[in-house]
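Only the coordinates and a few stated rules stand behind these numbers; no lab work does. Only a predicted model underlies this, so the values are computations on that prediction, with no experimental measurement involved. Because the Cβ atoms are built from the backbone with ideal geometry, glycine has one as well, and the counts that use them run over all protein chains shown.
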Amino acid sequence: LVEGKQLRRCVQKGWLRKRPEQGEWYKGWKRRYFRVVVHTEVVAIHAVNAWGYSLDEKIQAAMLHYYEDEDPGTEAKATVPLIGCDAEMVSNPAVLAKYPYCFQVTHPRRRTYFLDPCLPEGTPPEDADAVSRNWVQIIRAGVETTNDLFVKRFKRQGQGPAPAAPPVAGMATA
């Protein structure tokens with residue numbers, strides 16, 4: 001692991017139903033496996049102890065991928081770049097009547113995705129609402145960090161000694 005290395009991280013995954021594109025209403029909602037993946041670049045490595053380290057990573061892109069199944073080896077059916085998108089709970093009464101926990105991912109010049117979590121029968125309404133709101137929050141975080149090129153620290157456990165970190169100017173060394 002070195003500075004400048006490109007990383008990909010899945011930050012959210014699960015089964016959602018997606019509405020077909022406008023004009024394809026006859027096809028019905030499709031059950032798909034979704035992943036929110038962020039692409040980052042390591043900008044700094046910090047030793048935490050002999051077996052752990054943390055990274056400063058610059059988010060370069062956030063993507064919403066969907067698949068027909070959850071097998072990690074399958075190719076994505078489609079990929080939605082999240083830069084410039086927004087995510088919010090649906091307010092359309094016609095959609096909410098059948099899909100009360102539906103949320104949407106919108107872009108001013110691209111398709112709007114209407115998504116609804118696939119939850120076990122009998123899931124309490126507050127849990128179903130929390131699942132949808134969590135998806136919205138994670139997608140928004142990916143959008144905001146991609147738009148702002150935000151640097152965020154992620155803690156990781158290493159499989160051996162922590163990589164040597166360069167000395168920081170003005171800090172005493174032990």
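At-a-glance table
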item: Cα-derived Rg over Rh, computed across segment 80-145 with Rh taken as Kirkwood radius; result: 0.99
item: Amide H partners (placed H, <5 Å) of K5, local residues excluded; result: V42
item: Equivalent ellipsoid semi-axes - Cα gyration tensor, segment 36-88, angstrom; result: 29, 17, 9
item: Among the listed pairs K13/K77; K18/K58; K5/K58, those beyond 20 Å (Cα-Cα); result: K18/K58
item: Potential lengthening between A61 and A130 on full extension [0.36 nm per residue; Cα-Cα distance subtracted]; result: 22.3 nm
item: Cut-off 16 Å (backbone N to label point 7 Å along Cα→Cβ of R110), residues of segment 47-81; result: 60-67, 76-81
item: For segment 1-125, diffusion coefficient by Stokes-Einstein and Kirkwood Rh (Cα), 10 °C, 1.306 mPa s, µm²/s; result: 94
item: Two-site FRET efficiency, Q137 against C10, from Cβ-Cβ distance with R₀ of 22 Å, rounded to 0.05; result: 0.90
item: Label-point gap, in nm, between I83 and V48 - each point 7 angstrom along Cα→Cβ; result: 3.0
